[in-house]
Amino acid sequence: MKLIHHGGHLGVTGSCHQLWTDDEHSLLVDCGTFQGDDARDHPNPEIKFSLRGIESLLLTHVHIDHCGRIPHLIAAGFEQPIYCSGPTARLLPLVMQDALKIGFTRNQRLIDKFNDKIAKLLQPLPYHQWHPIQGGCKLRLRPAGHVLGSTIFEVELPNGQMAVFSGDLGPRHAPLLTEFSSPERADLLVMESTYGNRIHEGRADRQSRLEAVLRKTLDDKGVTIIPAFSLGRTQDILFEMNGIFEAIQKQQGRSLMKQVDVIVDSPLASRFTQIYDDLQEFWSAEAQGVLKTDDQPLVFENLTTVGDHQEHLATLDQLVKHKLPAVVVAGSGMCTGGRVMNYLRRLIGEPTTDIVFCGYQARGTPGSYIQRGSDWVRLDGRKYQIRADVHQLSGYSAHADQRDLLRFVAGFTEKPYQIRLVHGEYHVRKALEAELDQRGYHVD
């Protein structure tokens, strides 16, 4: 058993790992896009490694840093099965359409043709069952609790060795998804380390801090901008904002319908939210309980979704001219593009603006500069003064923190023989490695 990395090993993005099960057979786990400083080190997204011997692709989830190079993989000649969970298979065509428009073509006929080819390769599998795959291996999927459909892969080799790929693990007590469970054993555990040196704030703390920002927005009639990934973070935030606004309404004894607008300005996020709603069977026990009293916990009375570009521009003009209190959830999550950029350019210099980061900001992205307290940020080549209040709510991260990562490793019935840390900055990996070393684990 040999593991080679084509991305996501020494950095946070571009996850792509090749597991050789013997000298002739191998499989890929993820094939993602490089972002931030990683993209500067890897400016060409084309596939540079040989496809010889690769018999399948295991897709842990549909975030772009794990699946964005799939079009390039197929363009290089890959025609093997793509194994994933059922929800991932539902979500992938939307993500691929977006990735193709950015990296390949905006011709819808060509995009549809490409998606048809991907659809023929997709082989969605149910969780918690063993499945035979190419090369004499067996495969089992476990929920990872990161985003809808996210998966931990257990790969049993023909010789009985076991490789486990964590993908991206979610935190404990995520509002919508079932949390991860640990496999029984692993000769090789390949584990993410995004927040391997951090402890997230608790759920009660994050809710109270979000509520404080929302109340500030109501009081000063400003705009709160939440740069959010279309999948996962957006749906979690909507779920919790629904509950916060209901509590405020009960306290005030009146509707907030005309007091604040909540705007989801991302067609992709809106479509993802609909798929989340369609796949309620994969929601957590808590969310299932909410459904008994609220059949639409991702939709509430003052929520507006923005469609085409003209509607986006009109919404932006209305916010700027009329000074209406509003909460805007828009992509992209790291402020590397998308509609959130227009909101930032127009509103980042206003003292009544709040910017709320709920997820990881890769080094070198505009989001990381804003998050770290800079006086200014460069957006599309132009400098903008930052007068907005900036907040970091780490409790809404879709990634497990150090405590949960250690809990994942400790949950194995048998201690993993070897651990390879991936998907983390150098100093973060080293911090987690030190914690694992203290507990007697072998990290290479």
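The values are calculated or read from the model by the stated rules, or taken from the named source; none is laboratory data. Remember, predicted model here, so these are calculated numbers, not experimental data. Note that each Cβ is placed from the backbone with ideal geometry, even for glycine, and that neighbours are counted across all protein chains shown. The accessibility values were calculated without ligands, DNA or RNA, using every heavy atom of the protein model including side chains. Shrake-Rupley method; radii C 1.70, N 1.55, O 1.52, S 1.80 Å.
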- prompt: In nanometres, what is the gap between the two model label sites at SER181 and HIS442, each 7 Å from Cα along Cα-to-Cβ?
  reply: 2.9
query: How much length is gained if the chain between LYS2 and TYR417 is pulled fully straight, taking 0.36 nm per residue apart and subtracting their Cα-Cα distance, in nm to one decimal?
result: 148.0 nm
- request: Quote the charge dipole size of region 302-411 about the Cα centre in Debye, to the nearest 20; the model charges only the Cβ of Lys and Arg (+1) and of Asp and Glu (-1).
  value: 300
- prompt: What percentage of the solvent-accessible surface of the chain, computed with a 1.4 Å probe over protein heavy atoms, is contributed by carbon and sulfur atoms?
  reply: 48
query: List the trypsin sites (Lys or Arg not before Pro) in region 298-359 that DSSP assigns to loop (not H, G, I, E or B) and whose Cβ has at most 16 other Cβ atoms within 10 Å. Which are they?
result: LYS323
query: When all protein chains stay in place, what accessible area (Å², nearest 10, 1.4 Å probe) is found for ARG387?
result: 140
statement: Residue separation between ALA204 and ARG382 times 0.36 nm, minus their alpha-carbon distance, gives in nm 60.2 nm
message: I'm a student and want to see the number: the projected area of the Cα convex hull of region 1-76, averaged over all directions, in nm².
response: 4.7
field: Longest DSSP-loop-exposure-free segment, GluC sites (Glu not before Pro), the chain, at most 15 other Cβ within 10 Å
entry: 185-300
query: How large, in Å, is region 201-240 by the Kirkwood hydrodynamic radius built from its alpha-carbon pairs?
result: 11.2
- prompt: Under a 1.4 Å probe, what is the accessible area of region 86-200 per residue, stated in Å²?
  reply: 39
- prompt: Applying 1/(1 + (r/R0)^6) with R0 = 56 Å to the Cβ-Cβ distance of ALA75 and GLN251, what FRET efficiency is obtained, to the nearest 0.05?
  reply: 0.50
Kirkwood-based shape ratio for region 376-444, expressed as Rg/Rh from alpha carbons: 1.19
statement: Taking a label point 7 Å from the Cα of GLN129 along Cα-to-Cβ, the residues of region 72-113 whose backbone nitrogen sits under 20 Å from it are 81-91
task: Would you rank SER332, SER193, SER50 by solvent-accessible area, highest first, keeping every protein chain in place and using a 1.4 Å probe?
output: SER50, SER332, SER193
- line: Hull surface over four for the Cα convex hull of region 53-133, reported in nm², is 5.4
query: With charges set only on the Cβ (+1 for Lys and Arg, -1 for Asp and Glu), what does the dipole of the chain come to about its Cα centre, in debye to the nearest 20?
result: 920
Fully extended contour minus Cα-Cα distance, from THR304 to GLU286, at 0.36 nm per residue: 3.9 nm
query: Once Lys and Arg get +1 and Asp and Glu get -1 on their Cβ, which of VAL327, LEU436, TRP283 lies farthest toward the positive end of the dipole of the chain?
result: VAL327
- prompt: What are the aspartates and glutamates whose alpha-carbon lies under 12 Å from the alpha-carbon of LYS117, with same-chain residues fewer than 8 places away excluded?
  reply: GLU79
message: Ordering PHE104, PHE245 by accessible area with a probe of 1.4 Å, largest first, what comes out?
response: PHE104, PHE245
- request: On a C-alpha basis, how far is the centre of region 299-374 from the centre of region 67-134 in Å? Whole number, if you could?
  value: 30
- prompt: Using alpha carbons only, how many degrees (0 to 90, rounded to 10) separate the axis of helix 267-278 from the longest principal axis of the chain?
  reply: 70
- request: Describe numerically, in nm with one decimal, the distance between label points set 7 Å from Cα along Cα→Cβ at LYS120 and at GLN97.
  value: 2.1
